[in-house]
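The values are calculated or read from the model by the stated rules, or taken from the named source; none is laboratory data. Since we're looking at a predicted model, the values are computed, not measured. As a convention, Cβ positions derive from the backbone with ideal geometry for all residues, glycine included, and neighbour counts pool all protein chains shown.
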């Protein structure tokens, strides 16, 4: 029987709220067994860019990453945010190590190719170094992954943190019984995006198609759900979406939305 591994992605809105981040990190540190935390960037990079007068361009919620913006997001994501999380986990007795995709060739990517749009230095993941991550997990280290990857040609790339979490979970699914958890400010997948009490407890592929056809799914949630089903189809055992402060309840199945393939 494979050992359990939790791959937890934490949303940027939680990183921006120090009280919520503090509560989440206490819960994450208390998780028993193997664990990986993938974090987004929050608003700090945008604030720094404004202060440095570096114009920012967003398309469909994704940052266009020019050369100057790449410097800022690397400093913020792989630097301050990553090491701040690592230090706080250490304070809670969880021995952690922070990595970008370039460290130990942890996550290799390529510069995104789009038919009409130049995303700049944005990366799409090619491979996850599962043996490296497993060797760190086997030393009882909690891994904290920043959303900065590299192309093995010396180029750093800004990469979507949801995708990094999905790819890490898939890459390690041959070694562990992997549960992938997307934790953010909402209570789960909601029938009404403005009503936190309308959580859908579980979603199968067929039900997902019904919800999409009826336009019951908030557009911003669709990429998360697409990633969830892609992960399930690649060996991940379970995907859970829900509120970051309820991490223990999410894992216990008493809150949030559980994404499952039909048996």
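Are there any strands (runs of 3 or more DSSP E) wholly within region 23-91 with 1 or more residues that are in contact with a helix residue (DSSP H, G or I) (Cβ under 6 Å, 6 or more places away or on another chain), surrounded by 15 or more Cβ atoms within 10 Å (Cβ to Cβ) and at negative phi, and if so which?
Because the criterion is at least 1 residues that are in contact with a helix residue (DSSP H, G or I) (Cβ under 6 Å, 6 or more places away or on another chain), surrounded by 15 or more Cβ atoms within 10 Å (Cβ to Cβ) and at negative phi, the strands (runs of 3 or more DSSP E) in region 23-91 that meet it are 34-39.
I'd like the full set of residues that are over 25 Å from residue 24 (Cα atoms) and either in contact (Cβ under 8 Å) with a residue 24 or more places away in the chain or surrounded by 20 or more Cβ atoms within 10 Å (Cβ to Cβ) (or both), limited to region 127-148.
Within region 127-148, 127, 128, 129, 130, 132 qualify.
Determine if region 158-167 includes at least one residue that is closer than 24 Å to residue 111 by Cα, in contact with a helix residue (DSSP H, G or I) (Cβ under 7 Å, 6 or more places away or on another chain) and outside any helix (DSSP H, G or I).
yes
Only one of these is under 21 Å from residue 36 (Cα atoms), at pLDDT 95 or above, touching a helix residue (DSSP H, G or I) at 6+ places or on another chain (Cβ under 8 Å) and surrounded by fewer than 22 Cβ atoms within 10 Å (Cβ to Cβ): 124, 103. Name it.
Criteria check complete, one pass: 124.
Within region 7-22, track down each residue that is within 20 Å of residue 91 (Cβ to Cβ) and either in a helix (DSSP H, G or I) or in contact with a strand residue (DSSP E or B) (Cβ under 8 Å, 6 or more places away or on another chain) (or both).
Passing the criteria: 8, 10, 14, 15, 18, 19, 20, 21, 22.
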